[in-house]
Amino acid sequence: MKKTTFQASLAAAVVLAATWLAAPVSAQTPNQPAAPAQSPAPAAAPSATAVAAPTASVTAAPVAAKPDATPGIAPAMKELSPWVMFMSADIIVKAVMIGLAFASLMTWTVFIAKSIELSVVSGKLRSALKKIAEARSLAEAQMALGAREGILPSFLTAALREARMSAGLSSDTGIKERAASSFSEITRAEARRIRIGMGVLASIGSTSPFVGLFGTVWGIMNSFIGISKSQTTNLAVVAPGIAEALLATAIGLVAAIPAVIIYNHFSRVTKSYLELVNRASGAAARLLSRDLDRTHGGAHSRAAE
């Protein structure tokens, strides 16, 4: 009897223990679909629907998060080098840039040409003045210079021509005045010749900044038109157009600043050269005056005898 009761109690205890052990497994199995590896395979095998559901949710999660991450990524900016900005600019802005680049090329061409010219003519004139420093007459001065060409030989030729054409006239003052008038014409012609090219520098220096500003205004106007069409104020959209527009102003300044500096430099150098020309004119006038004094002095001596 006791044995039967003990066996019944033992069986009841085994059933209760089995029930207690099986309850957590059955409760945990539906609550962990995302980790099927942790559920005991023999106790409860997940169904095909349960396996497919976590897979679909895991696969769909990145896809759903992707659109949210895309707006946060900044769009790639294109390279804004000067050449790229020039090639991307509007046709009007390109024409302005090309014109300013050509003006800058003209500035440096005039600078090189005028520097060589002024250096050569100034050197020749100083050398000629040294050669006639000891000459006593126009003929002697011409012999000292030889067949050289330049401003000083022109003065000597004009003085000799006036003395020859005024032969027989007793008024030295009239001869000197006519010779001085010829010297003035030669000096003005030389001044005009030596200033050739400086007008170009003045025009480039005064107009290039405004031409560049016109290109900038045109480019910024196109940028605002692009903003209105795209309906966005993103800096990445408007920055290239504004940079292209500002490049025109930069090129205008690059053309204008050297032109102004070179013009001022040549103004000083030209003034120094024209002072040498005036010295040459004075030297020719003095030689003419000596010749007239000798001629009239000899005539007066013969008349007195």
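Taken together, the values in this text are just the output of simple stated rules run on the coordinates, not laboratory data. Only a predicted model underlies this, so the values are computations on that prediction, with no experimental measurement involved. Backbone-built Cβ (ideal geometry, glycine too); neighbour counts: all protein chains shown.
Values for this structure:
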| item | result |
| --- | --- |
| Partners for Lys114 among aspartates and glutamates (Cα-Cα distance below 18 Å; same-chain residues under 8 apart left out) | Glu190, Glu275 |
| Cβ-based charge dipole, the range 83-304, positive-most Cα from Ala158, Leu288, Ala95 | Leu288 |
| Peptides 281-287, 85-91, 166-172 ordered by average Cβ neighbours within 10 Å, highest first | 281-287, 85-91, 166-172 |
| Shape category assigned to the range 83-304 from the gyration tensor of Cα positions, a/c cut at 1.5 | prolate |
| Relative packing of peptides 268-280, 194-206 - highest average C-beta neighbours within 10 Å first | 194-206, 268-280 |
| Total formal charge among the other residues, if their Cβ is under 12 angstrom from that of Ser272, Lys/Arg +1 and Asp/Glu -1 | +3 |
| Förster radius 45 Å - calculated FRET efficiency between Arg286 and Ser203, Cβ distance, rounded to 0.05 | 0.65 |
| Given charges at beta-carbon only (K, R positive; D, E negative), |dipole| of the range 100-221 in Debye | 140 |
| FRET efficiency, Arg164 to Ser184 (Cβ-Cβ, R0 22 Å, nearest 0.05) | 0.65 |
| Enclosed volume per residue, in Å³, of the convex hull spanned by Cα atoms of the range 108-188 | 101 |
| Protection-proxy order for peptides 119-129, 151-161, each taking the mean of Cβ atoms within 10 Å per residue, highest first | 151-161, 119-129 |
